[in-house]
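First comes the structure, then the notes that go with it.
The values are calculated or read from the model by the stated rules, or taken from the named source; none is laboratory data. No experiment lies behind these values; they were computed from the predicted model shown. Positions of Cβ are generated from backbone atoms using ideal geometry, with glycine treated the same way; all protein chains shown enter the neighbour counts.
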Amino acid sequence: MRILLVEDETDLGSAIKRALIQYNYIVDWAQDGEEATDLIEIGLNLYTIGIFDWLLPKISGIDLIKKIRQQNSSLPILMLTAKDREEDKVIGLDAGADDYLVKPFGMAELLARLRALQRRFPLINPQQLTVGKITLDYSTYTISFQDKTGDNKPLSLTKKEFQILEYFLKHPNQIVTRDQLLAQLWEWGNEPMSNVVAAQIRLLRRKLEPLRIEHCIETVYGLGYRFIITN
């Protein structure tokens, strides 16, 4: 799950990002409204949740939310602010925020608010994804594969292996380029080494080999990869 975090307080933004990464979120962190606008224009549809501060340099969090809602986006947004008056909360919610968290707050409460948003918007965080005979379990970061005997064989994956396999399963039998994987699964401005995608694909294939499905990931030379799903 990819989160757009917009917070200009460096210490707070850094603490939020660290907490989210520990819970396997991918986080793009903007520190002013213009930087956030650039990320929104690049790929609003990449994000599954937004966390926006109200008082930001250049463009306020309220104005950012209004811009997003004008695009008919239903992106769930949690607003962070020191404004604690009832009328301020009404302004934030009426602008399009889905929840409101008053500073100062603890990370446990922030994470609980995100879980609550996920329950309210279940399509952004399904408990499982099943494609063909493969099932991803989001609560345990494991996959299971139904073999010819009907038995389910579980397998644990790293966060990045799980994210890559999830992307493949959401785009079955389609060519997926290296750049698509980088854009979806790594933070903006933190691009990894050029060979990291190929290295992660090799590791994933090795993990899948005991389930006899390693050959599902096909290399399409000069284009990218394709995950072959057969019933």
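If you go through segment 78-88 and pick out every residue that is surrounded by 15 or more Cβ atoms within 10 Å (Cβ to Cβ) and out of contact with any helix residue (DSSP H, G or I) (no Cβ under 6 Å at 6 or more places or on another chain), you end up with 4.
In the set (1) in a helix (DSSP H, G or I); (2) crowded, with 19+ Cβ neighbours inside 10 Å; (3) β-branched (V, I, T), I51 fails one condition alone, (1).
Out of all the residues in segment 54-70, which are surrounded by 16 or more Cβ atoms within 10 Å (Cβ to Cβ) and assigned to a loop (DSSP other than H, G, I, E, B)? Listed by number, the residues that qualify are W54, L56, I59, S60.
Only one of the numbered conditions (1) at positive phi; (2) touching a residue at least 12 places away in the same chain (Cβ under 8 Å); (3) out of contact with any Asp or Glu (no Cβ under 6 Å at 6 or more places or on another chain); (4) not aromatic (F, W, Y) is violated by K58, and that is (3). In segment 159-186, of all residues being over 18 Å from T219 (Cα atoms) and in contact with a Phe, Trp or Tyr (Cβ under 8 Å, 6 or more places away or on another chain), the one that is surrounded by the fewest Cβ atoms within 10 Å (Cβ to Cβ) corresponds to K159.
Mind telling me which of the residues L169, L155, L114, L165 ends up being outside any helix (DSSP H, G or I) and modelled with pLDDT of 80 or more?
Working: L169 fails: outside any helix (DSSP H, G or I); L114 fails: outside any helix (DSSP H, G or I); L165 fails: outside any helix (DSSP H, G or I).
Residue meeting the stated conditions: L155.
Only one of the numbered conditions (1) part of a helix (DSSP H, G or I); (2) in contact with a helix residue (DSSP H, G or I) (Cβ under 6 Å, 6 or more places away or on another chain) is not met by L39, and that is (2).
Is segment 24-46 home to any residue that is closer than 15 Å to K67 by Cα, surrounded by 14 or more Cβ atoms within 10 Å (Cβ to Cβ) and under 13 Å from the mean Cα position of the chain (by Cα)? Checking segment 24-46: at least one residue is closer than 15 Å to K67 by Cα, surrounded by 14 or more Cβ atoms within 10 Å (Cβ to Cβ) and under 13 Å from the mean Cα position of the chain (by Cα). Once segment 187-231 is narrowed to residues that are out of contact with any strand residue (DSSP E or B) (no Cβ under 8 Å at 6 or more places or on another chain) and over 30 Å from I42 (Cβ atoms), the residue that is modelled with the highest pLDDT is R206.
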